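*Asks:* First the structure, which I've put down as structure tokens, then a few questions once you've had a look.
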There are 4 protein chains.
Amino acid sequence: MIKAGIIGATGYAGAELVRLLLGHKETQIAWYGSRSYIDEKYAKVYGNMFQLVEDVCLDDKIEQLARQADVIFTATPQGFLAGVLTEEILQHAKVIDLSADYRLKDVKTYEKWYQIEHKSPQFLAEAVYGLCEVNRDQVKQARLVANPGCYTTCSILTAYPLIKEGLIDPNTLIVDAKSGTSGAGRGAKLPNLFCEVNENVKAYGVASHRHTPEIEEQLSYAAREVVTINFTPHLVPMNRGILATEYASLKKIKQADGTYAYPSYEQVKAAYDKYYEKEYFVRVLDRGVCPETKWVEGSNFVDIGFQIDERTARIVMMGAIDNLVKGAAGQAVQNMNLLFGFPETEGLQLVPMFP
Amino acid sequence: MIKAGIIGATGYAGAELVRLLLGHKETQIAWYGSRSYIDEKYAKVYGNMFQLVEDVCLDDKIEQLARQADVIFTATPQGFLAGVLTEEILQHAKVIDLSADYRLKDVKTYEKWYQIEHKSPQFLAEAVYGLCEVNRDQVKQARLVANPGCYTTCSILTAYPLIKEGLIDPNTLIVDAKSGTSGAGRGAKLPNLFCEVNENVKAYGVASHRHTPEIEEQLSYAAREVVTINFTPHLVPMNRGILATEYASLKKIKQADGTYAYPSYEQVKAAYDKYYEKEYFVRVLDRGVCPETKWVEGSNFVDIGFQIDERTARIVMMGAIDNLVKGAAGQAVQNMNLLFGFPETEGLQLVPMFP
Amino acid sequence: MIKAGIIGATGYAGAELVRLLLGHKETQIAWYGSRSYIDEKYAKVYGNMFQLVEDVCLDDKIEQLARQADVIFTATPQGFLAGVLTEEILQHAKVIDLSADYRLKDVKTYEKWYQIEHKSPQFLAEAVYGLCEVNRDQVKQARLVANPGCYTTCSILTAYPLIKEGLIDPNTLIVDAKSGTSGAGRGAKLPNLFCEVNENVKAYGVASHRHTPEIEEQLSYAAREVVTINFTPHLVPMNRGILATEYASLKKIKQADGTYAYPSYEQVKAAYDKYYEKEYFVRVLDRGVCPETKWVEGSNFVDIGFQIDERTARIVMMGAIDNLVKGAAGQAVQNMNLLFGFPETEGLQLVPMFP
Amino acid sequence: MIKAGIIGATGYAGAELVRLLLGHKETQIAWYGSRSYIDEKYAKVYGNMFQLVEDVCLDDKIEQLARQADVIFTATPQGFLAGVLTEEILQHAKVIDLSADYRLKDVKTYEKWYQIEHKSPQFLAEAVYGLCEVNRDQVKQARLVANPGCYTTCSILTAYPLIKEGLIDPNTLIVDAKSGTSGAGRGAKLPNLFCEVNENVKAYGVASHRHTPEIEEQLSYAAREVVTINFTPHLVPMNRGILATEYASLKKIKQADGTYAYPSYEQVKAAYDKYYEKEYFVRVLDRGVCPETKWVEGSNFVDIGFQIDERTARIVMMGAIDNLVKGAAGQAVQNMNLLFGFPETEGLQLVPMFP
């Protein structure tokens, strides 16, 4: 049994961590950090936790926490962890950061897209990008895990095998993503009011969303070349869920008879299977089935479907996740399981809730 | 490990049974019955079950099923079970019926409100009304459990202690209930279309809803007198959840000093605590807190709050459940746990999902 | 053509006033008041008004406005108008107040329920309660109209004829109301965030909501006795609409044969028709039809249905309105039409939008 | 005053026609055709029309109707009008067809994508594609107008000026569209149930949706070359609204100094303005503003925004409409206005409703 501390436990991602860790056999939550609700009962902030969590919220004193906990989750605004992280903390506890502070290896890219100074770039090299299905082995050895963003997790995993196997031209990739509103956080902001979001759909952050360089960096590793993409997020009137619809031009590949041709359904499927057949959390759907966010709600699954369009020689790839689970807290727990040698699915065998 | 069969596994309540039983350590699902989808893969009907359930749907041959299963859940239309139930079936397997066939002891009341003939009234006396918190001991001995309705579970539990303790006049009780749309089932009917339900709220079945006599019968037992109430259900644009807002006139009770006065907050609270303090699934909220359906979503909890209105000498009681869990499948599993001597919370320690 | 000024034009009720007045043939909007958005283009605050409104927002200088406008609408927080209203203003312009400042005749009741001091009680006697169907003649003569609250408009009109005609016992009245979220205003508050409201239903302000004394005062006039009621508002995940479900005990009335009996369907219907048959905006539905908020969305209609429950000798009355139209801006325009002698339906012949 | 008949008046598009025509000064509805509800009061099928429409539904006898009406709207399933249209009908009345029967000039393309035989291809040449902003002059002369599809209206208008002016490569066009559920019609089908749509987003008809060839045909005319595109529709949990997010590679154009360069913001804006500045119903938003479907709800507007992505040399164009208004009934009325010489905005100066 290990002890976990959560800094930022009263945001939506933090609260989802609490939900998941309450069902985790090897973990006990030792610290509910929340600067906004210090000394208030956690269950007053989240009524669903009434009689399940008796603790009160604590301040975000990460150094003190590091001496009490085996693992620290930071579900905090950009810049927080970079501002307080020290070598001493990492010597005492593993850190899984749900913010973007250590996701990008290039500090200049970080500072350009996030418009804040990075206060501890010395940990960037060490940090492991915690996309478990891709970086499993590195995560196991890490002290500091950069938990991927919600859009990025979905966008990368949906295209990864096809880029890795050279079936698509990565620089033709266009990611059109649709997200539920919990991704915007629990801040009391006008654009997130019910009446502004409900019965509405819109794009935002067009050609400027911060998850763009994160997707590009990871896909560049897979492609072994610099990849530049279009990424457009949309806000959809639902609580949870991300659907990424991704478009790319197919590349002609060498066929058994020596000729070059666009990959067939079977060849694309084989590429997905090569990487995901043994992955519990990635479900490549049957032929012709399009993923739906509701089918993964509450779970750590990534559902993937695709359709080849022979008329345009493009492929349409679709991926669906629950943004708070595989897109945040679930993946963080999956990373914790890797860090501590627990079964990777411990606490995460959640059956999606429908309806 | 026992074997469970579900007849009506492709309705919403049946599907929720599947979700819950997949997480139950002592049960294995042996039969996914669905007349509409015979021979189809269950996971094609419910995409969330992809790679989690590999079975195909079977016909609803309950006699054959009774010889293979230890427990049979019938999540079927009214009249189905009454039409097929036999002594032989009950000798082979326990039956938990999610329909209304055995909820009312008086066959005439059943036939009046449901407008169908009851085909096996001989089992009515034996059937136990499976409201676990009230009838726990009888359930343990039963062969046939009548699993309560969704509205009724919520309506009864919210008022039960106050009626039992004589704090309110039961014949002044008015239950104004609001339900999510999954309660209407998965039938392809025009009034349940998204565009008809969304951005809309309405009452229906006013002064005629079938759950009325069920609530009245159970509250009559508690009151030890015949109780007649008003019950008005409403349809709310959400998937899950029932909120029952209940109004009743307080009765003056004898106080410590010998005088008679309306019960105080503390006296009402004490009545609730007397019945629910040790109940895991009933959460009586803190003073002044109103229950919200979202706080119990996905869980087997009943959240209860109340407010005394001294101006009118009435009390407003409020209860919230997830209609598919405590209002259907969850309570059915709770009943199964009682029937087989499993811990009552096995498979049901579900943390509500928020948001 | 008259000139109208709106103070509080960027709240939801203010914005609805803009929508309605843009379609009003006799009115021109001369002043878009908004303390929060001074000097910003109105259409930047409400994107739907792009190319329809070119004006910028102005400060809320009501004295200056009074000299420019024929009518002033104040869609402002409680206490604002009471703090600034003067005799001089009323000599220059008619004032229609959408806040509660002049709705209650008794200043003590106001100060008790609203917890603020009333700064200009001298205008209370003069103010006319602008429930057009009830107070039409007084409104026509008024300088200062207190536009009724959203819950109150719906609650009062639904029960009014039966109380006026003595068919129900007014002190048994229980109003269980359900509202869309626009009623909570456009303030950036956590409880109004999409993720907090969506997939959720809850009661609030139980036995303490400020619309209670307003309903009671008006129903007391109708009943010619002091009426005390229970009023419970609920928040429903939709943008617009209020449904009031109202319960009351029927009173035995003298029948044609001299005996006393509970009123029949026809007798109740006759009472409604007596008051509403000639009212364009009140639609008493056909027998057995329950109102739905979606059927009045975007319009100034009040839809009313009822069901007698002979088992309990109670009647269930149901009324539905669009809270932003008949519950706020629409009724304000209806009052303006009365004040200036325009056809009462001018600008308000809005066909409800479905779906 | 002309007489209009509607065949298919009880579908969502037909009902929206009724809503709009009730507010049209020059038109009277003479025929509410609905095969499913013959002899039922129209207001029983659509409760919002209570006391506004007293008519009963009639059969769909188009020949009889043609002798009574000046204009016939057919809001019917694919193949209906093609199966019944005759020269005689067209001699008596103008016909505006909201189905796809006469949208595609090539009968083979129609039969391939719709999988039904076209019964009256002889009218294809005569039919005018009723995209008013593009084909205004031809519509004025027409007897038979093919009213465009909802997705197509939005998709075409959003990209049209840039294709027409050669600023983008039309064969790189990818249209990712999101639609509310009313586009799926009022048929009682399982996938359109509230619980299936709510809290869910999914793509459907990927690389096979029937609106694809319609978009391609119209854009081919604009491009003066054969255009092949990717079009992916998505279902979003809201009643109304379509957002089309469109991606295309920019083409270098000749600049003032004789060099070739990608078009600037100003050059793209100028192209939009060239075609839309005088169009009442097309609103090209201010720089940096993304359209939102809620801002056009209930209105006939098309809102367009765009963002150049210099990193990829692509442009992201976004268009928003109300699928039932500009995407169906509103555009049909606009076409009627053109056909009969009414002001083009008559009956269509609808202020979008927000929230």
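Just so you know, all these numbers are worked out from the coordinates, no wet-lab data involved. Values in this document were obtained by computation on a predicted structure and should not be read as measured data. Every residue, glycine among them, receives a Cβ derived from its backbone with ideal geometry; neighbour counts consider all protein chains shown.
*Asks:* Take every residue in peptide C:309-317, count the Cβ atoms of other chains within 10 Å of its Cβ, and give the average of those counts.
*Replies:* Taking the mean over all residues of the peptide, I get 5.
*Asks:* Write down the Kirkwood hydrodynamic radius of segment C:115-174, to one decimal in angstroms, obtained as one divided by the mean of 1/r over all alpha carbon pairs.
*Replies:* After inverting the pairwise mean of 1/r, the radius is 13.4 Å.
*Asks:* Using a Förster radius of 35 Å, what is the FRET efficiency between residue B:349 and residue B:269 based on their Cβ-Cβ separation? Nearest 0.05, please.
*Replies:* 0.85
*Asks:* Calculate the FRET efficiency for residue D:87 and residue A:287 from the Cβ-Cβ distance with a Förster distance of 45 Å, rounded to the nearest 0.05.
*Replies:* Taking R0 as 45 Å, the efficiency between residue D:87 and residue A:287 is 0.45.
*Asks:* Here is a follow-up. 7 Å from Cα along Cα→Cβ at both residue D:208 and residue C:122: what's the point-to-point distance in nm?
*Replies:* Taking the simple label geometry, residue D:208 and residue C:122 are separated by 7.8 nm.
*Asks:* Relative to the longest principal Cα axis of chain D, at what angle does helix D:211-223 sit, 0 to 90 degrees, rounded to 10?
*Replies:* 50
*Asks:* To two decimal places, what compactness ratio does segment D:241-286 give when its Cα radius of gyration is scaled by 2.2 N^0.38 Å?
*Replies:* In units of the 2.2 N^0.38 Å rule of thumb, it is 1.42.
*Asks:* On to the next question. Among all the lysines, which ones have a C-alpha under 27 Å from residue C:41's C-alpha, if same-chain residues fewer than 8 places away are not counted?
*Replies:* Correct list for residue C:41: A:189, A:202, C:3, C:25, C:61, C:94, C:189, D:269, D:274, D:278, D:294, D:326.
*Asks:* Still on this structure, I have one more. If I take the Cα coordinates of segment D:192-240 and project them onto the principal axes, what are the three extents in Å, biggest first?
*Replies:* Sorted largest first, the three principal extents are 45, 20, 12 Å.
*Asks:* Find, among the residues of chain C, the one whose Cβ sits nearest the axis of the rotation taking C to B; state the distance in whole Å.
*Replies:* Whole-Å result, nearest residue of chain C to the axis: C:176, 2.
*Asks:* Now, a different point. In peptide B:279-291, what is the residue-averaged number of other protein chain Cβ atoms found within 10 Å of each Cβ?
*Replies:* Neighbouring Cβ atoms belonging to other protein chains average 3 per residue here.
*Asks:* If you don't mind, another one. I need the inter-copy label distances for residue C:254: point set 7 Å along Cα to C-beta, values in nm with one decimal, smallest first.
*Replies:* Its label point is 4.6, 9.8, 10.6 nm from the equivalent points in the other copies.
*Asks:* Now, a different point. Quick check on chain C: of the DSSP beta bridges with both residues there, what percent are antiparallel, nearest 5%?
*Replies:* Expressed as a percentage, antiparallel bridges in chain C total about 50.
*Asks:* Rounded, prolate or oblate, given the Cα gyration tensor of the protein assembly as shown, with a/c below 1.5 counting as rounded?
*Replies:* The shape class here is rounded.
*Asks:* Also, quick follow-up: Dividing the alpha-carbon radius of gyration of segment D:102-146 by 2.2 N^0.38 Å (N being the number of residues), what value is obtained?
*Replies:* After normalising by residue count via 2.2 N^0.38 Å, the value is 1.21.
*Asks:* Of the peptides B:317-324, D:100-107, how do they stack up when ordered by the mean number of other Cβ atoms within 10 Å, highest first?
*Replies:* Packing order, densest peptide first, comes out as B:317-324, D:100-107.
*Asks:* Right, next: Treating the Cα atoms of segment A:35-90 as identical point scatterers in vacuum, please give the log10 of the normalised Debye intensity I(q)/I(0) at q = 0.24 Å⁻¹, two decimals.
*Replies:* Ignoring solvent entirely, the Cα scatterers give -1.03.
*Asks:* Same structure, new question: Kindly give the semi-axes, whole Å and largest first, of the ellipsoid equivalent to segment C:304-353, taking each as the square root of 5 times a Cα gyration tensor eigenvalue.
*Replies:* With the √(5λ) rule applied to segment C:304-353, the semi-axes are 32, 12, 9 Å.
*Asks:* Less than 18 Å from a label point 7 Å out along the Cα-to-Cβ axis of residue D:38: which backbone N atoms in segment D:1-27 qualify, by residue?
*Replies:* D:6-11
*Asks:* Let me ask something else. Just how far, in whole angstrom, is segment D:27-105 from segment B:281-324 if you go by their alpha carbon centroids?
*Replies:* 51
*Asks:* Of all the C-alpha pairs in segment A:1-56, what % are more than 19 Å from each other?
*Replies:* That tail contains 16 percent of the Cα-Cα pairs.
*Asks:* Calculate I(q)/I(0) for chain D by the Debye formula, one identical point scatterer on each C-alpha and no solvent, and give its log10 at q = 0.07, 0.08, 0.10 Å⁻¹ to two decimals.
*Replies:* Result of the Debye calculation: -0.29, -0.38, -0.59.
*Asks:* Next question. Please give the direction-averaged projected area of the C-alpha convex hull for segment C:1-116, in square nanometres with one decimal.
*Replies:* The number I arrive at for segment C:1-116 is 7.4 nm².
*Asks:* So what's the net charge close to residue C:163: Lys and Arg +1, Asp and Glu -1, counting the other residues with Cβ under 12 Å from its Cβ?
*Replies:* So the environment of residue C:163 carries a net charge of -2.
*Asks:* Determine, for each peptide in D:193-203, D:325-335, B:137-147, the mean count of other beta carbons within 10 angstrom over its residues, then list the peptides with the highest first.
*Replies:* Most protected by this proxy first, the peptides run D:325-335, D:193-203, B:137-147.
*Asks:* Take the alpha carbon atoms of segment D:106-128, find their center, do the same for segment C:171-215, and report the distance between the two centers in whole angstrom.
*Replies:* Segment D:106-128 and segment C:171-215 have Cα centres spaced 54 Å from each other.
*Asks:* Quick one: helix D:132-141 against the long Cα principal axis of chain D, what's the angle to the nearest 10°, folded into 0 to 90?
*Replies:* 50
*Asks:* I need the fraction of alpha carbon pairs in segment A:155-243 separated by more than 23 Å, rounded to a whole percent.
*Replies:* Value for segment A:155-243: 32 percent of Cα pairs lie more than 23 Å apart.
*Asks:* Could you state the per residue volume, in Å³, of the convex hull enclosing the Cα atoms of segment B:283-329?
*Replies:* 65
*Asks:* What value, in deg cm²/dmol to 500, does the helix sum -39500 (n - 2.57) over DSSP H runs of n ≥ 4 give at 222 nm once divided by the residues of the protein assembly as shown?
*Replies:* -8500 deg cm²/dmol, from helical runs alone.
*Asks:* Listing C:236, C:296 from the residue with the fewest other Cβ atoms within 10 Å to the one with the most, what is the order?
*Replies:* C:236, C:296
*Asks:* Still on this structure, please answer the following. Compare C:291, C:213, C:343 in a GNM of chain C, Cα atoms joined below 10 Å, and give the one with the largest fluctuation.
*Replies:* C:343
*Asks:* About its Cα centre, what dipole magnitude does segment B:38-124 give when the only charges are +1 on Lys and Arg Cβ and -1 on Asp and Glu Cβ, stated in debye to the nearest 20?
*Replies:* 320
*Asks:* Hey, for a label at residue C:261 modelled as a point 7 Å past Cα toward Cβ, could you say which residues of segment C:303-331 have their backbone N under 14 Å away?
*Replies:* In segment C:303-331, the label zone of residue C:261 (backbone N under 14 Å from the point 7 Å along Cα→Cβ) covers C:310.
*Asks:* In peptide C:247-254, how many Cβ atoms from other protein chains are near each Cβ within 10 Å, on average?
*Replies:* 1
*Asks:* For segment B:229-355, what does the convex hull of the Cα positions come to per residue, in cubic angstrom?
*Replies:* That works out to 145 Å³ per residue.
*Asks:* Considering the Cα trace of segment D:80-188, what is its radius of gyration and what is Dmax, both in angstroms?
*Replies:* Using the Cα atoms of segment D:80-188, the pair Rg, Dmax is 15.6, 45 Å.
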